[in-house]
Amino acid sequence: MSRGNDAIPTWSGFNYQGKIMLFYILKLMNQINKEEGGRVYSVNLEEIEDFCILRDSEYISFHQVKAWLSVTKWSSYSKAMDKLLEHRNGSSNPMAKCYLMVARDVADWDEDSNTYNASIELYKHDSKIVGVCDVKDLIIEEIKKFLAEKGYDENQFEIVYGELCLFLDDRIALMHKQGTKKRDYTIPFSSFWDVINQSVKKEYVRNEFYLKEKVYDYVMENAKKALDGLCQDICEDSLEDCSRVCAAKAAYENIMEISDYTKFCKVLNPDKIDGWDNSLAMAENFPIKELQNEIYYLLYQSKSPEKILGDGNGIYLQSKYSNAPNGKIIPTLLDLTSGCRGKRKALQRIFQNIIQNTDIMDILEGNSITVIPGSYSGFLSQAQITSGWKESNPEKISHYYREIELISSKELQDKFDENGGNHD
């Protein structure tokens, strides 16, 4: 009863999918503490559904997780819910519960036209949907309850939270390395208990957690603020009140599923090599205004939300305007303004930095990346950008280094305007 795809790379202990699952597990663990001991619980991740809960090796619940913000109607989830019911009905326990876990409320869920609500529960905590920015605090609440029940110091909640996120991150990374055929999709609840018990004995939290959590919080906040700014500027509506479907929202939803936000920031700034070990680098290289004006607005102009793709590392635009082998465009904040002022040598320095940025070369390879063409002495033309890129490359494959193409974001937007969007 496999799902037939491999979504593990998009999971993380630090994104919405991972955190909503962790919250649900902790909440269930607290119920188990009080109500039933001696039963063996486990979570199955991505083998059948986004996650499933098992008790004594029998499925008791199936969970579909969506962090979509542009969706407010139950009908938009119909395909996901059809699969949810199909997987439940084909399991060893067709009476198991089914949950749809979403980051934004479904306004018409209780209407008579929704036949799914008889078989699927729209997951809520205290009668409220668990939003992207809510889930961390809810996890901490459950951790405090667990610690109090076990007689531990509740002030240890932060170290426990950090260790749980890192534990889940490490287990998912291991699953990815194992490959689909050899992968063990199941994590017993006892592993989560062990992490908590070991965590409270520690006097410090690894720096890795602090850095990742700061990056996560910062990216989540700025990504949402940037999109909200676009909504208000273009649609004259707030993000929360806007129900329109657009490519900018599709990009945001793919950002929510990224597993390594440090790497994502590097992709957005492919010419920056040094300083990433400093958490302040995230603030400098993930600016709200640039994200709104150079990323979201460009994708909004593409008018093709169905062509916005994500793979856990970044966001891509499938487009006929890409001449790279993969036919995909990666929007970036790569700014050639300094190249305009410094002329040829400055451009070569920028291009050489991209070539030396080995951390993200596997993501850039075979794709097009957008560049801000500068403005000090007029915008660089696409021909000038392409020529400079070719001349700077020590290794030429089909005229581009690693078959990477640089595209002027200005000229790309002009093409969208001429063609009415990113249409074939």
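The values are calculated or read from the model by the stated rules, or taken from the named source; none is laboratory data. This one's a predicted model, so the numbers in the text were calculated from it and none came from an experiment. Cβ placement follows ideal geometry from the backbone for every residue including glycine, while neighbour counts extend to all protein chains displayed. Only protein heavy atoms, including side chains, enter the accessible area calculation; ligands, DNA and RNA are left aside. Shrake-Rupley method; radii C 1.70, N 1.55, O 1.52, S 1.80 Å.
Limited to segment 92-112, what total is found for residues that are open to solvent by less than 80 Å² (accessible area, probe 1.4 Å), under 23 Å from I20 (Cα atoms) and assigned to a loop (DSSP other than H, G, I, E, B)?
Matching residues across segment 92-112 total 7.
Kindly evaluate K202 against the criterion of being open to solvent by less than 10 Å² (accessible area, probe 1.4 Å), within 30 Å of H176 (Cβ to Cβ) and basic (K, R).
Working: open to solvent by less than 10 Å² (accessible area, probe 1.4 Å): no; within 30 Å of H176 (Cβ to Cβ): yes; basic (K, R): yes.
When the stated conditions are applied, K202 does not pass them.
Hey, could you check segment 274-297 for residues that are in contact (Cβ under 8 Å) with a residue 12 or more places away in the chain, surrounded by fewer than 22 Cβ atoms within 10 Å (Cβ to Cβ) and of a type in the set (A, V, I, L, M, F, W, C) and say which is farthest from V215 (Cα to Cα)?
I288
Within segment 371-399, restricting attention to residues that are modelled with pLDDT under 60 and within 18 Å of I329 (Cβ to Cβ), which residue is most open to solvent (accessible area, probe 1.4 Å)? I'd like the intermediate steps shown before the answer.
Just the residues of segment 371-399 that are modelled with pLDDT under 60, to begin with: 375-378, 394-399.
When the remaining residues are screened for being within 18 Å of I329 (Cβ to Cβ), the result is 398-399.
Working: S398: 77, H399: 121 Å².
Checked segment 371-399; the qualifying residue most open to solvent (accessible area, probe 1.4 Å) is H399.
Would you mind telling me which numbered condition in (1) buried (at least 22 other Cβ atoms within 10 Å of the Cβ); (2) modelled with pLDDT under 90; (3) within 21 Å of the chain's Cα centre (by Cα) I354 fails?
Tallying (1) buried (at least 22 other Cβ atoms within 10 Å of the Cβ); (2) modelled with pLDDT under 90; (3) within 21 Å of the chain's Cα centre (by Cα), I354 fails exactly one: (3).
Over 18 Å from L22 (Cβ atoms) and open to solvent by 70 Å² or more (accessible area, probe 1.4 Å), is that true of D170? Before you say what the answer is, go through the steps one by one.
Details: over 18 Å from L22 (Cβ atoms): no; open to solvent by 70 Å² or more (accessible area, probe 1.4 Å): yes.
It is false that D170 is over 18 Å from L22 (Cβ atoms) and open to solvent by 70 Å² or more (accessible area, probe 1.4 Å).
Residue-wise test of (1) within 28 Å of G421 (Cα to Cα); (2) more than 18 Å from the chain's Cα centre (by Cα).
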site: I255; (1), (2): yes, no
site: D260; (1), (2): no, no
site: C265; (1), (2): yes, no
site: L268; (1), (2): yes, no
site: N278; (1), (2): no, yes
site: M282; (1), (2): no, no
site: Q292; (1), (2): yes, no
site: Y296; (1), (2): yes, no
site: G310; (1), (2): yes, no
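For the list (1) open to solvent by less than 60 Å² (accessible area, probe 1.4 Å); (2) in contact with a Leu (Cβ under 9 Å, 6 or more places away or on another chain); (3) at pLDDT 95 or above, I need the number of the one condition that E121 fails.
Exception for E121: condition (1).
When the residues of segment 44-68 are filtered to those that are touching a helix residue (DSSP H, G or I) at 6+ places or on another chain (Cβ under 6 Å) and among the hydrophobic types (A, V, I, L, M, F, W, C), which remaining residue is surrounded by the fewest Cβ atoms within 10 Å (Cβ to Cβ)? Let's see the steps before the verdict.
From segment 44-68, those touching a helix residue (DSSP H, G or I) at 6+ places or on another chain (Cβ under 6 Å) are 46, 48-49, 51, 62, 64-65, 67-68; that's our starting set.
Those still in the list that are among the hydrophobic types (A, V, I, L, M, F, W, C) too: 48, 51, 62, 65, 67-68.
Numbers: I48: 21, F51: 26, F62: 26, V65: 23, A67: 20, W68: 18.
For segment 44-68, the residue satisfying everything is W68.
Condition first: touching a residue at least 60 places away in the same chain (Cβ under 8 Å) and either buried (at least 20 other Cβ atoms within 10 Å of the Cβ) or on the phi > 0 side of the Ramachandran plot (or both). Now tell me which residues in segment 243-255 satisfy that. Spell out the reasoning first.
As a first pass, look at segment 243-255 and keep what is touching a residue at least 60 places away in the same chain (Cβ under 8 Å): 243-247, 249-255.
Result: C246, A247, K249, A250, A251, Y252, E253, I255.
Of the residues that make up segment 256-273, is at least one among the aliphatic types (A, V, I, L, M), open to solvent by 80 Å² or more (accessible area, probe 1.4 Å), assigned to a helix (DSSP H, G or I) and within 21 Å of D359 (Cα to Cα)? Don't jump to the end; show me each part of the working.
Initial filter on segment 256-273 (among the aliphatic types (A, V, I, L, M)): 256, 258, 267-268, 273.
Narrowing the set further to residues that are open to solvent by 80 Å² or more (accessible area, probe 1.4 Å) leaves none.
No, there is no match, as no residue in segment 256-273 is among the aliphatic types (A, V, I, L, M), open to solvent by 80 Å² or more (accessible area, probe 1.4 Å), assigned to a helix (DSSP H, G or I) and within 21 Å of D359 (Cα to Cα).
Yes or no: segment 149-161 includes at least one residue that is loosely packed, with under 13 Cβ neighbours inside 10 Å, outside any helix (DSSP H, G or I) and either in contact (Cβ under 8 Å) with a residue 40 or more places away in the chain or of a type in the set (G, A, S) (or both).
Yes, the conditions are met somewhere in segment 149-161.
Check D271, D241, D277, D260 and return the single one that is more than 26 Å from V65 (Cα to Cα), touching a helix residue (DSSP H, G or I) at 6+ places or on another chain (Cβ under 9 Å) and modelled with pLDDT under 90.
Values: D271 fails: modelled with pLDDT under 90; D241 fails: more than 26 Å from V65 (Cα to Cα); D260 fails: more than 26 Å from V65 (Cα to Cα).
Matching residue, one of D271, D241, D277, D260: D277.
Taking into account only those residues within segment 78-91 that are over 11 Å from S61 (Cα atoms) and basic (K, R), which is least open to solvent (accessible area, probe 1.4 Å)?
Here the answer is K83.
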